[in-house]
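The values are calculated or read from the model by the stated rules, or taken from the named source; none is laboratory data. Bear in mind the structure is a predicted one, so any value in this text is a computation, not a measurement. Here the Cβ positions follow ideal geometry from the backbone for every residue, glycine too, while neighbour counts run over all protein chains shown.
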Amino acid sequence: MNTTTNAIEVIKTKASKINEVDFDNLKFGSVFSDHMLVCDYKDGKWEAPKVVPYQNISLDPSAKIFHYGQSVFEGMKAYKDSEGKVWLFRPLDNFNRLNISSKRLAIPELPEAYFMEGLKTLLKVDSDWIPENEGSSLYIRPFVFASGNGFHASPANEYKFIIATAPSGSYFSGKVKVLIEQKYSRSANGGVGFAKAGGNYAGQFYPTQLAIEKGYQQVIWTDDNTHEFIEEAGAMNIFVRINDTLITAPTSDRILDGITRKSIIELAQAEGIDVEVRKLSVHEVVEAAKNGTLKEMFGAGTAAVVSPISGFGYNGTDYDLPELDAPFANHLKKRITDIQTNKAEDPFGWRYKVD
Ligand code: PLP
Ligand code: COI
């Protein structure tokens, strides 16, 4: 039956796929829930969003997304607690960042109500798709792209905003070995590195493939100018622990202002961990690895949460990180996921209940 919830039209699928999904063996982002939110931008305005069955999209071959890559996206998660209540984590930060990204790509910004009410309606319709198992969640992918036609290299006059969701398990299966990048860059001063623009990720694939061929799983991005300063870890922000101090690079127009990153900084500080937000040179990390003061490195992001690094390669040499009994990474991962999944108090007000 088709219903209208929160003024958002809902067209339900007649053939749910939920019984085909093995919720005990979920991969990351590879099966998709029954419905999606769709919202079109036409004639200078965003039209009312709708929840519709998950389906293919038909586009003209000249749609500008295909040629000029005008597209931005977000990554979020919904969690179900032991009582079946559904939670999001700092969702307004994702909404605001989507619009920051859109603005940089000359995409029209979305109204907050379309994003938030649309997302909540979608989650209610597909609430059975939100996994309850430990370590699993419903990964949420909001994205906006140029659906308008024409080969002229200028912003499109039509766009689509879609939210698709995927019940997901962990992003990485274990620790990752990384290569510190000395040639390629993911972003540059004045560029789009701070935006979640689709093209940023396409540009990372080739250097990452080269790193994988050499036996690493991810690339540590360094500044584009000198390659001397550590900036990000693949599609995550990076934290490095030297002695008992946690160091992370300051955000800039080259670095994504990660929601996990800023939450980890606050959580660590609240626990009395010394956190330094400052430029961190490759030289300092290599020296710390050599003299034994380098204790941990980890990536932080929505998909991977906190992803410990086992070692890194630089200039043809591999450096291993020590196995610690009580790494900051494990502790901070537990703190953040306990807050996200309503297992611990949330003194920061980050958790957002979906009613
Ligand atoms: N850095 C990049 C390049 C990313 O793509 C992501 C993922 O969203 C992050 C950092 C982490 O950001 P967040 O914690 O908001 O997911
Ligand atoms: C996320 O962490 O949600 C991201 O968007 C990274 C992604 C490329 C998987």
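Tabulated data
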item	result
Filter result (over 30 Å from Leu26 (Cβ atoms), surrounded by 17 or more Cβ atoms within 10 Å (Cβ to Cβ) and of a type in the set (Val, Ile, Thr)) within segment 96-141	Ile107
Residues of segment 275-317 satisfying the condition of being of a type in the set (Asp, Glu) and either in a loop (DSSP other than H, G, I, E, B) or free of Cβ contacts under 8 Å to residues at least 40 places away in the same chain (or both)	Glu276, Glu287
Residue identified as among the basic types (Lys, Arg), under 20 Å from Lys80 (Cβ atoms) and not assigned by TED's automatic domain parsing to the domain that holds Arg90 among Lys290, Lys295, Lys334	Lys334
Within segment 243-264, tally of residues that are under 17 Å from Arg335 (Cα atoms) and surrounded by fewer than 19 Cβ atoms within 10 Å (Cβ to Cβ)	1
Matching residues in segment 22-68 - criterion: being among the small types (Gly, Ala, Ser) and buried (at least 18 other Cβ atoms within 10 Å of the Cβ)	Ser33, Ala63
Yes/no for Glu132 being more than 15 Å from ligand 2 (Cβ to nearest atom), more than 26 Å from Gln70 (Cα to Cα) and not assigned by TED's automatic domain parsing to the domain that holds Asp24	no
Residue match in segment 210-222 (condition: farther than 23 Å from Ile65 by Cβ, β-branched (Val, Ile, Thr) and part of a helix (DSSP H, G or I))	yes
Residues of segment 302-324 satisfying the condition of being within 16 Å of ligand 2 (Cβ to nearest atom), in contact with a helix residue (DSSP H, G or I) (Cβ under 9 Å, 6 or more places away or on another chain) and either among the small types (Gly, Ala, Ser) or at pLDDT below 95 (or both)	Ala304, Ser307
Matching residues, segment 56-74, being more than 16 Å from ligand 1 (Cβ to nearest atom) and touching a residue at least 24 places away in the same chain (Cβ under 8 Å)	Ile57, Leu59, Asp60, Ser62, Ala63, Lys64, Ile65, His67, Tyr68, Gln70
Checklist (1) touching a strand residue (DSSP E or B) at 6+ places or on another chain (Cβ under 6 Å); (2) under 21 Å from Phe172 (Cβ atoms) applied to Ile336, failing item	(1)
Residue in segment 208-215 that is among the hydrophobic types (A, V, I, L, M, F, W, C), touching a residue at least 12 places away in the same chain (Cβ under 8 Å) and within 30 Å of Ser147 (Cβ to Cβ) present	no
Tally, over segment 145-173, of residues that are within 15 Å of ligand 1 (Cβ to nearest atom) and either in contact with a helix residue (DSSP H, G or I) (Cβ under 6 Å, 6 or more places away or on another chain) or basic (Lys, Arg) (or both)	0
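Okay, residues lined up against (1) modelled with pLDDT under 95; (2) surrounded by fewer than 21 Cβ atoms within 10 Å (Cβ to Cβ); (3) under 20 Å from the mean Cα position of the chain (by Cα):
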{"site": "Phe205", "(1), (2), (3)": "no, yes, yes"}
{"site": "Leu210", "(1), (2), (3)": "no, yes, no"}
{"site": "Gln218", "(1), (2), (3)": "no, no, yes"}
{"site": "Asp224", "(1), (2), (3)": "no, yes, no"}
{"site": "Gly234", "(1), (2), (3)": "no, no, yes"}
